[in-house]
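First the structure, in the form of structure tokens, and then the observations on it.
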Amino acid sequence: MNDQVRTNEELLKEIAFLKLKIQELEHSESECKRAEEALRESEKRFRELAELLPETVYETDIQGTLTFVNRNAFDRFGYTRKDLADGLNALEMVIPDERGRALENLQRSMRGESIESSEYTLLRRDGSSFPAMIYSTLIIRDGRPAGLRGLIVDITSQKRVEAELRESEKIYRSVIENIQDVFYRSDANGRLLIGSPSGAAMFGYDSIDEMIGLPLDQVWPDPKGRQQLLAQIKAKGGVRDFEAVLRKKDGTEFNASFTTHFYYDENGNFLGTEGIIKDITEQKLAEEELKASLSLLSASLESTADGILIVDRKGKIARWNQKFADMWKIPGEVLTSRDDEKAINHILMQLADPERFVEKVRELYQQPDQSSFDQIEFVDGRLFERFSQPQRIEANIVGRVWSFRDITGRKRAEEEKAKLEEQYRQAQKMEAIGQLAGGVAHDFNNMLNIILGYSQMALMKTDPSSQLSANLMEIMNAARRSADLVRQLLAFARKQTIAPKALDLNDTISGMLNMLRKLIGEDINLIWMPAANLWQVKMDPAQIDQILANLAVNARDSISGVGKITIETGNAQFDKEYCSQNTDFVPGQYVLLSVSDNGCGMDKETCEQIFEPFFTTKEVGKGTGMGLATVYGIVKQNSGFIKVQSEPGKGTTFRIYLPRREEEAGTAINEPCIHSGPLTGTETVLLVEDNEALLKMGKMMLEELGYGVLTAGTPDEAVKLVEQYAGDIHLVLTDVVMPGMNGRDLMNRLSLLRPGIKGLFMSGYTSNVIAHRGILDEGVYFIQKPFHMEVLASRIRDALLATDSSHVNSDPKVENKGR
């Protein structure tokens with residue numbers, strides 16, 4: 001029983017013990033769960049923080065297989081989460097050459113040895129590599145090593161900086177050892193502590209060691225210079241290019257420059273000076289050469305006739321010569337002060353086209369390697385050539401050189417030359433037309449004379465009311481128009497035979513006003529504005545008639561409907577300066593004849609052609625184109641000049657300047673007499689004409705007028721006839737241009753055979769035989785072919801009534817123009 005009780009008590013104790021153990025086990029299990037939960041929470045926080053780090057965070061097991069990496073690892077190495085799940089070993093991410101060391105470090109870490117960091121070269125998934133520093137710590141679980149946890153830092157930049165630093169130090173050492181300039185450091189007392197090897201060569205010592213400890217005054221014996229250097233270093237903290245004269249070991253001196261500063265210890269205590277000493281002897285020589293070169297350049301710039309401006313790359317004024325300042329009239333202080341804005345404004349305000357100037361400059365600065373050549377015009381009429389080219393030092397463009405040449409005088413000379421050449425061409429053209437006109441005029445006027453003469457004689461024997469009479473009148477009118485055309489052609493070519501005399505233009509024009517008013521019609525008002533005290537001119541009155549008639553007709557045709565024509569006269573005088581600026585003007589005194597209208601006007605192109613023969617703006621059949629050409633020829637024949645001013649819609653003005661008549665006494669050119677009696681006669685006339693038809697017609701006309709007629713077909717026949725004819729011969733009517741002998745020479749021969757014999761010349765073209773430049777010699781009687789019988793009769797009476805036969809001149813200089 002007792003045993004049973006004991007057993008129950010023991011059993012209860014065991015049950016109680018077991019309950020207690022169960023309670024302890026339950027408590028321990030609860031503690032373990034809480035610890036595991038805390039561990040999981042800690043690991044979660046660790047991994048969350050790891051994801052935020054900019055470097056690679058990793059964990060491995062004891063064999064080095066990766067069990068965790070943050071996102072940075074995937075970005076940096078290029079691996080995927082699948083690679084990690086497949087058991088990627090960290091040793092595979094180390095380059096093969098370093099894997100043995102990495103494995104050894106892993107094993108040492110597993111044995112509990114402390115390896116805090118190691119440097120490796122790691123591989124990316126694509127095979128590329130980079131340097132890295134790995135920091136790691138041992139993972140302990142259940143008291144045993146479970147792996148490694150660590151940080152991988154990319155040290156590529158650090159390695160690059162270290163390499164650059166090593167290279168820099170290498171270069172620095174190389175420069176110090178090889179530099180021609182001397183690096184030095186001296187103590188507070190000025191004694192040399194260290195120096196680069198080049199110092200020995202610069203100062204003439206065997207080695208730099210020989211110079212260590214030398215006092216500064218031994219190589220620089222100028223105490224004042226040393227004091228100035230120290231003062232400048234104190235004031236500025238350092239000095240660049242301080243020049244000094246230093247001494248070598250052998251006592252010779254050379255030019256040098258200091259670039260130096262003070263140096264201090266970490267506590268700010270002054271230790272001495274350090275810097276660079278440079279031998280500038282060659283530089284000084286180069287500077288002297290440069291000065292000489294600049295002096296030569298300055299002399300060259302000032303000696304050239306061109307204006308020179310040199311600017312830098314930015315267009316700033318660098319250099320100029322005085323010629324440039326004078327040409328551009330720029331005040332000296334503007335250039336000296338380098339006031340570019342004022343200088344440019346001063347230039348632009350003088351230019352006729354400143355925008356074009358600026359555009360050209362801008363274009364060249366956009367293409368700095370280009371050269372340029374052009375011309376620029378000033379508002380005052382000056383003209384410059386502008387040449388620009390880049391300024392180079394070797395292959396580098398450092399600025400631009402502008403060259404300006406005043407070509408105003410040259411341009412004017414060229415223009416004057418061109419004008420003279422044009423005048424020469426015009427003169428040649430006139431001469432050619434004159435030759436043509438002369439060749440045509442002689443034969444053509446002979447034929448017209450035959451037509452006109454026979455028509456007139458036939459008309460005299462015909463009933464005026466008959467159709468035949470009307471037909472003959474048409475033939476005569478056509479012949480007259482043809483003769484007028486030839487006469488105009490001769491006038492243009494200045495080959496017209498004229499008899500000039502002293503004229504008052506006011507009187508001559510006044511006598512023509514009625515005729516001109518009829519010519520222009522009632523719708524056009526003719527205004528006459530004569531000048532007082534008008535100078536006289538010397539010219540053929542018939543030419544004034546031609547000028548006014550042609551200009552009046554030209555003005556009339558330019559006016560549509562009602563209008564006005566103004567005729568003015570005046571005196572004008574031109575000096576050399578005025579004439580040099582106006583083409584065709586010649587210095588002297590002139591009488592002005594001006595004809596202006598308010599018609600349709602002309603453009604510039606038309607004005608340049610209006611004096612050309614046969615040029616006309618009129619419809620076909622309404623103008624020959626010879627009117628203004630005739631005016632031009634008459635003016636030139638009388639040594640005058642003509643100017644036209646016209647614009648479309650603003651009318652036209654012709655200004656004719658005729659030379660003032662020189663006051664001189666002389667024999668007047670014979671003028672036709674006014675005959676009150678009959679124009680017939682009974683005298684004997686010798687007719688000399690090489691044209692058989694004209695000779696026959698002339699004989700008929702003379703006989704019709706009552707004269708006795710002797711005829712000769714050649715000059716030689718005429719001489720023989722005079723020698724053989726016993727009776728009186730009162731007048732010789734001879735052609736001028738004939739084969740073998742001209743009319744003048746014939747008259748000279750006959751006047752020797754028959755002293756006192758009278759002469760009358762006839763010709764369609766005199767060819768300077770009896771007229772020089774178209775002007776009849778004094779005392780010469782002449783009739784222009786073709787002619788009417790009435791004109792012939794009048795001129796014969798003029799010649800017969802002349803009291804002097806001295807007109808016959810045997811001047812040997814007169815050229816025989818016989819054909």
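Odds and ends about this structure:
- Residue within region 728-741 that is under 20 Å from Q456 (Cα atoms), small (G, A, S) and in contact with a Gly (Cβ under 8 Å, 6 or more places away or on another chain) present: no
- Residue selected from region 361-381 under the condition open to solvent by 50 Å² or more (accessible area, probe 1.4 Å) and within 25 Å of D326 (Cα to Cα), by the criterion farthest from the chain's Cα centre (by Cα): D380
- Residue within region 593-604 that is open to solvent by 30 Å² or more (accessible area, probe 1.4 Å) and outside any loop (DSSP other than H, G, I, E, B) present: yes
- Among all positions in region 747-759, there is at least one residue which is under 30 Å from S482 (Cβ atoms) and modelled with pLDDT of 85 or more.
- Screening Q389 on (1) out of contact with any Asp or Glu (no Cβ under 8 Å at 6 or more places or on another chain); (2) over 16 Å from G315 (Cβ atoms); (3) outside any helix (DSSP H, G or I) shows it passes everything except condition (2).
- Selection within region 499-550: residues that are in a loop (DSSP other than H, G, I, E, B) and within 29 Å of G779 (Cβ to Cβ). The member of this set that is modelled with the lowest pLDDT is A499.
For every residue, the table says whether it meets (1) modelled with pLDDT under 90; (2) among the hydrophobic types (A, V, I, L, M, F, W, C); (3) crowded, with 17+ Cβ neighbours inside 10 Å.
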| position | (1), (2), (3) |
| --- | --- |
| G237 | yes, no, no |
| V245 | no, yes, no |
| T252 | no, no, no |
| T260 | no, no, yes |
| Y263 | yes, no, no |
| G268 | yes, no, no |
| I280 | yes, yes, yes |
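- Check on F357, more than 18 Å from D306 (Cα to Cα) and either of a type in the set (D, E, K, R) or surrounded by 16 or more Cβ atoms within 10 Å (Cβ to Cβ) (or both): yes
- Test result for G147, of a type outside the set (V, I, T) and not in a helix (DSSP H, G or I): yes
- From the list L106, L123, the lone residue that is out of contact with any Gly (no Cβ under 8 Å at 6 or more places or on another chain), crowded, with 16+ Cβ neighbours inside 10 Å and either at pLDDT below 85 or of a type in the set (A, V, I, L, M, F, W, C) (or both) is L123.
- Within region 116-127, residues that are free of Cβ contacts under 8 Å to residues at least 24 places away in the same chain and farther than 18 Å from N89 by Cβ reach partners that are aliphatic (A, V, I, L, M) and surrounded by 11 or more Cβ atoms within 10 Å (Cβ to Cβ) with beta carbons closer than 6 Å, at six or more positions or on different chains, in the pairs S117/M133.
- Qualifying residue in region 431-451 (condition: in contact (Cβ under 8 Å) with a residue 12 or more places away in the chain, acidic (D, E) and crowded, with 16+ Cβ neighbours inside 10 Å): no
- Residues that are open to solvent by 70 Å² or more (accessible area, probe 1.4 Å) and at pLDDT 85 or above were ranked within region 138-148; the one that is farthest from M93 (Cα to Cα) is R144.
- Members of region 382-416 found to be surrounded by fewer than 11 Cβ atoms within 10 Å (Cβ to Cβ) and either in contact (Cβ under 8 Å) with a residue 24 or more places away in the chain or farther than 29 Å from K329 by Cβ (or both), listed by number: I393, E394, A395, N396
- Within region 553-565, considering residues that are assigned to a helix (DSSP H, G or I), open to solvent by 10 Å² or more (accessible area, probe 1.4 Å) and not polar (S, T, N, Q), the one nearest to L485 (Cα to Cα): V553
- Every residue from region 360-391 that is charged (D, E, K, R) and touching a strand residue (DSSP E or B) at 6+ places or on another chain (Cβ under 7 Å): K360, D369, D374, E377, R382, E385, R386
Results for (1) assigned to a strand (DSSP E or B); (2) farther than 23 Å from S207 by Cα; (3) out of contact with any strand residue (DSSP E or B) (no Cβ under 6 Å at 6 or more places or on another chain), shown as yes or no for each residue.
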site	(1), (2), (3)
R99	no, yes, yes
E113	no, yes, yes
Y120	yes, yes, no
G127	no, yes, yes
M133	yes, yes, no
I152	yes, yes, no
V161	no, yes, yes
K170	no, no, yes
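- Scanning region 314-326 for residues that are farther than 18 Å from A299 by Cα and surrounded by 13 or more Cβ atoms within 10 Å (Cβ to Cβ) returns G315, I317.
- Residue in region 173-190 that is open to solvent by 60 Å² or more (accessible area, probe 1.4 Å) and in a strand (DSSP E or B) present: yes
The values are calculated or read from the model by the stated rules, or taken from the named source; none is laboratory data. Predicted model only: the values in this text are computed from it and were never measured. Don't worry about glycine lacking a Cβ; one is built from the backbone with ideal geometry, like all the others, and counts go over all protein chains shown. Heavy atoms of the whole protein, side chains included, go into the accessibility calculation; ligands, DNA and RNA do not. Shrake-Rupley method; radii C 1.70, N 1.55, O 1.52, S 1.80 Å.
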